[in-house]
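Rule-based calculations on the coordinates, nothing more; no lab input. A quick note: this is a predicted structure, and the numbers were derived from the prediction, not measured. Positions of Cβ are backbone-derived with ideal geometry, glycine not excepted, and every protein chain shown enters the neighbour counts.
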Amino acid sequence: MSRFIVLLLLVAFLSGCFNLDANLLDPGPKISSYALASYIGNVDFHLDSSYTIPPQFVHLFTLQSQGLGETSPTTIYAAYLGDTSRIATDTVIVYCHGYAHNMDFYYPRAQLLANIGGKDRFGVLMMDYRSFGLSHGTPTEEGMYADANAAIEWLKSKGLTGDRLILYGFSLGGAPATYLAAHPRALPAQKLILESPFASTGSITADATGLNLPASAVTTLKFDNAEQIKSVNQPLFLVAGMNDSFLNIATNGDVVYANYHGMHGEEHRIPGADHSTVPQTWGFQNYSNSILAFLTRP
């Protein structure tokens, strides 16, 4: 059998068993309601009671998200941790979460960010992308950008200005965070934080298959954080685990950071940390102190 035929068969096989579109945009299990602080399922880490957000500062609501070229909006769910009456004066972190889970799973991460530098110091807004959690619709690349932008639009309507907007992207969430930092819609972001980001769909394809195949062989997605970061001038804080078994830091986080040429960048490579264990492996205090220093630097 010729090498060309073998390659065609291999591509067909990979396209069927390694469908990156379905895997990367996997919304995870369906839910009937949100638990947030009361969620008892598995999470990446647990926090002690000092991180508890007062119930009056936990707001669950819906947003209308409409992407470029879409003729009608999609209803998505969001949660704001903080005093909504202070949005016009607070610094707010828009948290773009990872794949295969909803806001219940990522709630401890939002709690951690809200309490950086003091009790309930920062407002944190997170959203479930289309079809994640209770959000309606079908997940798409443009849909994710629109969903994150809908959250920023809501903050803008409450008085937030761009000089107090922080974009934070974890894993899959690095795509909308990086894109909107590079190409702002509702508001320009002041700073960008990326945790365990991927470089591009091409890097994920290469890491997963061990082959030098074009990303188009297994996906229609065109996420390319390594290219988008070239258009980001805002200060960048990038942190990733050196033992990431899902996204190799050398072919993902390091590549994104190397392509950044903005006003201030810092990369934190955490020994022993896997893809989702950066905060706990680094230590919550080290993680918090480092992010606080970044957020408060001129």
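What ranking do 155-162, 179-186, 40-47 get when scored by the average of other Cβ atoms within 10 Å per residue, highest first?
Packing proxy ranking, top to bottom: 179-186, 155-162, 40-47.
Just to check, using Stokes-Einstein with a Kirkwood Rh over alpha carbon pairs, what's the diffusion coefficient of the chain at 20 °C and 1.002 mPa s in µm²/s?
Calculated translational D: 110 µm²/s.
Report the Cα centroid-to-centroid distance between region 42-78 and region 243-283 in angstrom, as an integer.
25
Who wins for biggest fluctuation among Ser33, Ser245, Ser135 in a Gaussian network model of the chain, springs between alpha carbons below 10 Å?
Per the Cα network of the chain with a 10 Å cutoff, Ser33 tops the list.
For region 222-239, in order, what is each residue's ³J(HN,Hα) by Karplus, 6.51 cos²θ - 1.76 cosθ + 1.60 with θ = phi - 60°, in whole Hz (x at glycine and Pro)?
Along region 222-239, the couplings run 10, 3, 8, 5, 5, 7, 4, 5, 5, 9, 8, 9, 4, x, 10, 10, 10, 10 Hz.
Would you grab the residues whose amide H sits under 5 Å from the one on Ile270? Only those 5+ places off in sequence or on another chain, please, with H modelled 1.01 Å from N.
Ala240, Gly241, Met242
Kindly rank 138-144, 60-66 from highest to lowest mean number of other beta carbons found within 10 Å of each residue.
138-144, 60-66
Using a 10 Å cut-off around each Cβ, can you sort His97, His275 from fewest to most neighbouring Cβ atoms?
His275, His97
Cross-link partners among lysines for Lys119, C-alpha distance below 19 Å, same-chain residues fewer than 8 apart left out?
none
Can you return the aspartates and glutamates within cross-link range of Lys191? Criterion is Cα-Cα under 15 Å, with same-chain partners fewer than 8 residues away left out.
Partners found: Asp90, Asp163, Glu266, Glu267.
In degrees between 0 and 90, to the nearest 10, how far off the longest principal axis of the chain does helix 103-114 point, with axes built from Cα atoms?
50
By a straight-distance test (C-alpha under 20 Å), which aspartates and glutamates pair with Lys30 as possible cross-link partners, with residues fewer than eight away in the same chain excluded?
Of all the aspartates and glutamates, those that pass the test against Lys30 - Cα under 20 Å, at least 8 places apart if same chain - are Asp21, Asp44, Asp104, Asp128, Asp147.
Place +1 on the Cβ of every Lys and Arg and -1 on the Cβ of every Asp and Glu in the chain, take the dipole about the Cα centre, and give the residue among Val278, Asn225, His264 whose Cα lies farthest towards its positive end.
It is His264, whose Cα lies furthest towards the positive end.
In region 133-194, if the dipole is taken from +1 on Lys/Arg beta carbons and -1 on Asp/Glu beta carbons about the Cα centre, which of Ala189, Gly174, Thr138 is farthest to the positive end?
In region 133-194, that residue is Ala189.
How much of the DSSP bridge set in region 68-222 is antiparallel, in percent, rounded to the nearest 5?
Bridges in region 68-222 are about 20 percent antiparallel.
To the nearest whole percent, what portion of all C-alpha pairs in region 103-240 is separated by more than 22 angstrom?
41
Starting at the first residue of region 177-183, write each ³J(HN,Hα) from the Karplus equation 6.51 cos²θ - 1.76 cosθ + 1.60 with θ = phi - 60°, in whole Hz, x for Gly and Pro.
Once θ is set to phi - 60°, the couplings for region 177-183 become 5, 5, 4, 6, 6, 7, 10 Hz.
Residue by residue through region 189-205, what is 3J(HN,Hα) from phi via Karplus (6.51 cos²θ - 1.76 cosθ + 1.60, θ = phi - 60°)? Round to whole Hz and write x for glycine and proline.
Going residue by residue, I get 7, 7, 8, 10, 10, 10, 10, 6, x, 9, 6, 6, 5, x, 5, 5, 4 Hz, with x marking Gly and Pro.
Can you tell me what share of the DSSP beta bridges in the chain is antiparallel? A percent to the nearest 5 is fine.
The antiparallel proportion sits near 35 percent.
Taking the Cα centre of the chain as origin and charging only Cβ (+1 Lys, Arg; -1 Asp, Glu), how large is the dipole, in debye to the nearest 20?
Using Cβ point charges on Lys, Arg, Asp and Glu, the chain gives about 400 debye.
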